[in-house]
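The values are calculated or read from the model by the stated rules, or taken from the named source; none is laboratory data. In this text the structure is predicted, and so the values were computed from the model without any measurement. Glycine gets a Cβ as well: all are built from the backbone with ideal geometry, and neighbour counts include every protein chain shown. Accessible surface is based on the protein model in full, side chains and every heavy atom, while ligands, DNA and RNA are left aside. Shrake-Rupley method; radii C 1.70, N 1.55, O 1.52, S 1.80 Å.
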Amino acid sequence: MFRVKTSGRTKRTIPLIVLSLFVAIKTNGQQQFPPEHHKITVRLKLLDVVVADRKGNFVPGLTARDFEVYEDGHPRPIQAVELVTLKTAGQSPAMNRAAGTQAGSRPARRLWVLFDSLNTETALMRRACTGLKETLLKLLGEGYELTLVEFDYKAGPRSLTELITDPAVVLKALETVGGSLQATFLKRSASEEWKKFPESLEDRRITLLPDELERLQWRNLLQKTLSCLLTSLLKIKEYPGRKAVLFISSGLPEQESNPYFNSTGLRNLKFFDPFGLVKSDDYSEIIREIVNLANSGQISIYCYNPESTTEVMKSFALSHLSAGTGGQHFSLTTGETEILNKMKAETEQYYEIAYVPASREEDGKFHRVEVRTRIEGLKVGSRTGYVEYSAREIEKRQLAASFFSPEFYRDINFDLKLTAWPEKKNTYKVWGCLKIPLAGFKREKNTGEKVDFLLGVKELQSEKTHLGQEILDLGEDLRANRPFSAYYFITSKIKIRPGRYETVATLKTQDGKIGSREIWLELPELKKNQDSQIVNLIPGRLIEGKRGKPFTFDERGLLNLGSKVFIPWAADEIPAGSVLAILVQAYLTAPEDLKPEFWLEGPDGKFPLQAGLIDKNWNRKTGCISMVYACKPGNIPPGEYRLEVTGQHLPQVRFDYTIKVKN
């Protein structure tokens, strides 16, 4: 059912240079053949470099003869050098005019300001906003376009302004920037204050020890930070030319502040990373991933730490983000004027060098680059190298960001129900139902009719993840004007054992919209000589079907029951007097005669359901009995109810599923 594995654009280039070689051949001065045309495609890379003299002043007027480019230690031919000078908003270099870049997307005097409210306390963030206010207004007066983004703990990257030039809009946006109580509580976790924060993972409906809860808090904070950075940089890199980002942060979670960075490095945090972005336990690998992505889009990050202590400059993450991208790390004592002058000097004038790289295609590997000048006494500032990402690698980072923080991604609305189906004793498959409302697909024609569906499963105490992927075609449901599209599945290769699992489902449309959901599963260990327990309790409905082997799954992911088929989670609303199908799965040490009783509990009381057995099956491999009942609500008042089951040899279970009874 799923393709399973266990565990865009790249750096801006000149698209193509096509050379036509005209060859005229004569033989003995008599016969002349028509000219031959040979097309040779040359792939070019662009480097943005700043050249200064001994006094630190920018040096204009240099040409290709004045530069040398070395990639991985080997000299590479230079095709063109262009001086980029942005004196007014929107002014573009000749190189981009030759490449056919539209005026609206040409290099301009732009600044992206990222407020890291995930890791910065409220008082510090307010201090930073106050100190930067005049600096940002001055930039607007000089023709800059500003984009302000806040990293919010619950909403993710929150756009406050986008390429705005209106001072009133910027001032209003600055007033909305907050900070994080989460950062305060986690940094003072020894005082137990962190437990008071609302996001204490209580909605996961799994049992967590205090140590596990705090580890998840730390891990989630780092994953949210990475998700925000990946998402923001992927958007910024789409703009041409050299881009400046001012990153206001007290520092990312790292060894000095995190008790869960121990001798095993990141292993103790157990990332949910089915795409393998965190390739080692070394914390620097995470920062290197962000640096490589920024460099692939000619982005320089200037980190500004609003804390006043001298220790802030020791922040590993901020120092490496700035140094690795050609930016700089500032503290509160630096002064806003110095920050402003530094960023302006390196973004308003620079050279773009187009050279022929060694690789003929995007290989996804890091290539070290060194730029030298043949003129003595000049200093060249350039990026240390690049990773050229293919479209697939860019998509992988988009999806990884959605798995790191699924609550940030709500572009696609959908509902997902999951349960664990016992296959053998203490071995489960994942059975699920995905429902996608189609109203948004009907309104936006560019969304297309196909979506990528990805399901990741990870055990809480393990690093191993399973990832399944399927392409869903919504075309038939859209043409039939149905309100939603339903997809049922049973995983054939994702098999899990007892434990606590994080699962993340992500949908991605053809035009790049992403929606994600997180569900936690707790799978019981089925032991001999233990009390009976309910494994699954699933409401649904019955339809007629082809006769098949009872309690097996058909190609649609539905459960066969002889001549009928059980459709799970299909009973959100039922008319009074209609039939409600209920699947009960219970673990028993012996096939005892069970007689479950079903109830609907609501504001008007508790009402029994008249139940008749449709089919049952005893599986000796799992020790589970599966039973499907047809129940009639009877004279139950309309309203919302919770399903409950009791009976001989069974514990009382109230199922967390709302059923609406209609007239």
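Can you tell which of Leu269, Leu216, Leu208 is open to solvent by 20 Å² or more (accessible area, probe 1.4 Å), at pLDDT below 85 and aliphatic (A, V, I, L, M)? Steps first, answer last, please.
Working: Leu269 fails: open to solvent by 20 Å² or more (accessible area, probe 1.4 Å); Leu216 fails: open to solvent by 20 Å² or more (accessible area, probe 1.4 Å).
On inspection, the qualifying residue turns out to be Leu208.
Given the condition of a type outside the set (Lys, Arg), more than 23 Å from Lys45 (Cα to Cα) and in contact with a helix residue (DSSP H, G or I) (Cβ under 8 Å, 6 or more places away or on another chain), answer yes or no: does some residue in the range 378-394 qualify? No.
Could you tell me whether the range 453-461 includes any residue that is under 20 Å from the mean Cα position of the chain (by Cα), within 30 Å of Asp48 (Cα to Cα) and surrounded by 14 or more Cβ atoms within 10 Å (Cβ to Cβ)? No, that holds for no residue. Name every residue in the range 627-637 that is part of a loop (DSSP other than H, G, I, E, B) and buried (at least 16 other Cβ atoms within 10 Å of the Cβ), in order of residue number. Pro633, Ile636 - these are the residues of the range 627-637 that are part of a loop (DSSP other than H, G, I, E, B) and buried (at least 16 other Cβ atoms within 10 Å of the Cβ). Taken over the range 408-449, the criterion of being touching a Gly at 6+ places or on another chain (Cβ under 8 Å), in a strand (DSSP E or B) and aromatic (Phe, Trp, Tyr) is satisfied by Trp431 alone. Give me a count of the residues in the range 137-176 that are part of a loop (DSSP other than H, G, I, E, B), open to solvent by 40 Å² or more (accessible area, probe 1.4 Å) and within 18 Å of Thr225 (Cβ to Cβ). So the count comes out to 2. In summary, strands (runs of 3 or more DSSP E) completely within the range 494-578 and bearing 2 or more residues that are hydrophobic (A, V, I, L, M, F, W, C) and within 25 Å of Leu643 (Cα to Cα) occur at 514-523, 533-544, 559-561, 564-568.
Among residues of the range 614-626 that are buried (at least 20 other Cβ atoms within 10 Å of the Cβ), those with a beta-carbon under 9 Å from a residue that is assigned to a strand (DSSP E or B) and of a type in the set (Asp, Glu) at least six positions away or on a different chain give the pairs Thr622/Glu423; Ser626/Asp615.
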